[in-house]
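**Student:** Right, I'll just put the structure down here and ask away after.
The values are calculated or read from the model by the stated rules, or taken from the named source; none is laboratory data. Predicted, not measured: the structure shown is a model, and the values here were computed from it. All Cβ positions, glycine included, derive from the backbone under ideal geometry; neighbour counts span all protein chains shown. Only protein heavy atoms, including side chains, enter the accessible area calculation; ligands, DNA and RNA are left aside. Shrake-Rupley method; radii C 1.70, N 1.55, O 1.52, S 1.80 Å.
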Number of protein chains: 2
Amino acid sequence: MLEYIILGILMYGDKSGYDLKQYIQRIMSNFFDASFGSIYPALKRMEHRGIIVSRETVEGGKFKKFYTISDSGKAEFMNWMEQPVEFSKTKPDHLIKVFFCRFLPKEKVRDHLCALKKEVEPVLHVLEHNGPEVKKQYDIYQFSTLKFGVGYYKYILNWCDDLLRALED
Amino acid sequence: MLEYIILGILMYGDKSGYDLKQYIQRIMSNFFDASFGSIYPALKRMEHRGIIVSRETVEGGKFKKFYTISDSGKAEFMNWMEQPVEFSKTKPDHLIKVFFCRFLPKEKVRDHLCALKKEVEPVLHVLEHNGPEVKKQYDIYQFSTLKFGVGYYKYILNWCDDLLRALED
DNA sequence: TGTTCCATGTAAACTGTTACATGATTAT
DNA sequence: ATAATCATGTAACAGTTTACATGGAACA
């Protein structure tokens, strides 16, 4: 996942490991985070595989290593973008690919969002179905965690609809 | 985290590794999951440390290993329950401790929920503060992931309020 | 002169999943 | 017969965090 995120950020322009960390922390922190201990080794692996290329610079006596996405890196990124949006019951992983949807035609984005909704719906229905039984057999706290899930999945569906509407104009 | 969850479930009564997996899958699946490959080694570690005790049974020719929480296990669990609710920006970890709040007096639960709100609020405000800037500099998809975060944190706060209200009666 | 920030990187530890191995029982 | 479910467990791998090590630049 981290490698695709790095590729995605590099699609917007060259960045150093430090810059990547800043970027992720600044605008992706509500759905993803990564430490230096994961970013630097990832960059090394990725350069070794040829999907990114490094360029060492010295600006004002300051050493910095910039990374550029290669053609094979772009191909790998776009291939990942074509795959369905990842959905997790316990993490907002679906936001990761949506974040980079700029690189996809609107129609494909629509397909992705509709497919995502079709993944969330049955999960919501199972929880709603369990609701009455849990309310009987379990206590208020356990039931409240279930209610959290129901509201959360509904929120994802509404968010998808909002984005789909925004894409219409 | 898994070890505390196992302790918490065993607070309700003895269970086998298989039962624990079923239980987690059935009613905690929207905020936590664990595989057998993590549950069985955890049980082994925990028994070695003396916080749980196993008992092997054969019922109808079927072998099963039940685990009981020990007094030191109960002490460790309660100590964890007294600590503030864990909050993660990217996962609904706060539900884990709330799930077991039955073992805490109402006043302590109230404190936990208020403290949780106080942790979520600044995170929400930072996101809301970044909003206008992100809307300008970034595209609709990136902005939509930020909006997801804003709505999500608001949802957590509302859910806390609902639970606090339910505790009043 | 000391502290903070910029910047890169490594090693150990932790946490967890996937896949496999085993074997009994139950349902078709 | 055979497939599915019950039940326990291990080994290999994957991904990550934390803590450490290093060193220059900016600032007070």
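**Student:** For peptide B:92-102, compute the average count of partner chain beta-carbon atoms within 10 Å of each residue's beta-carbon.
**Tutor:** The per-residue average across the peptide is 5.
**Student:** Note the distances from A:Ala75 to each other copy's matching label point, with points 7 Å along the Cα-to-beta-carbon direction, in nm, sorted shortest first.
**Tutor:** Here the equivalent label points are 6.3 nm apart from this one.
**Student:** Just the number please: accessible area per residue for the stretch A:31-138, 1.4 Å probe, all protein chains included, in Å².
**Tutor:** 56 Å²
**Student:** Pop out the carbon and sulfur fraction of the accessible area of the stretch A:2-83 as a percent, whole number, probe 1.4 Å.
**Tutor:** Ligands and nucleic acids excluded, carbon and sulfur give 52 percent.
**Student:** Pop out the carbon and sulfur fraction of the accessible area of the stretch B:101-168 as a percent, whole number, probe 1.4 Å.
**Tutor:** 54 percent
**Student:** Can you pull out the buried accessible area for chains A and B, both sides counted, probe 1.4 Å, rounded to the nearest 100 Å²?
**Tutor:** The summed interface area works out to 3800 Å².
**Student:** Something else now. Give me the inter-chain shielding for A:28-41: mean count of other chain Cβ atoms within 10 Å, whole number please.
**Tutor:** Mean number of neighbouring Cβ atoms from other chains: 3.
**Student:** Among B:Gly61, B:Ile140, B:Cys160, flag the residue with its Cα farthest along the positive direction of the charge dipole of the protein assembly as shown, charges on Cβ as +1 for Lys/Arg and -1 for Asp/Glu.
**Tutor:** Of the listed residues, the answer is B:Gly61.
**Student:** How high is the relative contact order of the stretch A:44-136, in percent, with contacts defined as C-alpha pairs under 8 Å that are six or more residues apart?
**Tutor:** Dividing the mean separation by the residue count of the stretch A:44-136 yields 18 percent.
**Student:** To continue, here is another question. Enter the accessible area of A:Trp159 (Å², nearest 10), with the probe set to 1.4 Å and all protein chains included.
**Tutor:** About 20 Å², rounded to the nearest 10.
**Student:** If you don't mind, there's one more thing I want to ask. Is it possible to state the helix-based mean residue ellipticity at 222 nm for the protein assembly as shown, with each DSSP H run of 4+ residues giving -39500 (n - 2.57), the sum divided by total residues, to the nearest 500 deg cm²/dmol? What is it?
**Tutor:** Calculated mean residue ellipticity at 222 nm is -22500 deg cm²/dmol.
**Student:** Can you pull a Stokes-Einstein diffusion coefficient for the protein assembly as shown at 37 °C (0.692 mPa s), Rh from Kirkwood over Cα pairs, as a whole number of µm²/s?
**Tutor:** 146 µm²/s
**Student:** Still on this structure: Quick one: putting +1 on the C-beta of Lys and Arg, -1 on the C-beta of Asp and Glu, what dipole do you get for chain A around its Cα centre, in Debye to the nearest 20?
**Tutor:** It comes to approximately 380 debye.
**Student:** Separate question: In whole Hz and in residue order, list the ³J(HN,Hα) couplings for the stretch B:35-47 that follow from phi through the Karplus curve 6.51 cos²θ - 1.76 cosθ + 1.60, θ = phi - 60°; x for Gly and Pro.
**Tutor:** With the stated coefficients, the stretch B:35-47 comes to 9, 4, x, 9, 5, 4, x, 4, 4, 4, 4, 5, 5 Hz.
**Student:** Give me, ordered by chain and number, the residues 5 or more places off A:Glu86 or on other chains with an amide H under 5 Å from its own placed amide H.
**Tutor:** Counting only residues 5 or more places away or on other chains, the set is A:Lys97.
**Student:** Report the label-to-label distance for A:Glu121 and A:Met1 in nanometres (one decimal), using points 7 Å from each Cα along the Cα→Cβ vector.
**Tutor:** 2.6 nm
**Student:** Percent relative contact order of chain A, based on C-alpha pairs within less than 8 angstrom and at least six residues apart?
**Tutor:** After rounding, I find 18 percent.
**Student:** What base-10 log of the normalised intensity I(q)/I(0) is obtained for the stretch B:101-168 from the Debye formula, alpha carbons as equal point scatterers, at q = 0.20 Å⁻¹?
**Tutor:** Results for the stretch B:101-168 at q = 0.20 Å⁻¹ read -0.78.
**Student:** Also: Work out the mean other chain Cβ neighbour count within 10 Å for the residues of A:134-147 and drop it here as an integer.
**Tutor:** Partner-chain Cβ atoms within 10 Å, mean over residues of A:134-147: 6.
**Student:** Placing the label point 7 Å from Cα along the Cα-to-Cβ direction, what are the distances from A:Gly151 to the equivalent spots in the other copies, shortest first, in nm to one decimal?
**Tutor:** Values, ascending and in nm: 1.4.
**Student:** Return the subset of A:Lys154/B:Lys21; A:Lys135/B:Lys44; A:Lys44/A:Lys106; A:Lys44/A:Lys117 for which the Cα-Cα distance in this structure is over 28 Å, preserving the input order.
**Tutor:** In this structure, A:Lys135/B:Lys44; A:Lys44/A:Lys106; A:Lys44/A:Lys117 lie more than 28 Å apart at Cα.
**Student:** If one puts a single equal scatterer on every Cα of chain A and applies the Debye formula without solvent, what log₁₀ I(q)/I(0) results at q = 0.20 Å⁻¹?
**Tutor:** Here the Debye-derived log intensity ratios amount to -1.26.
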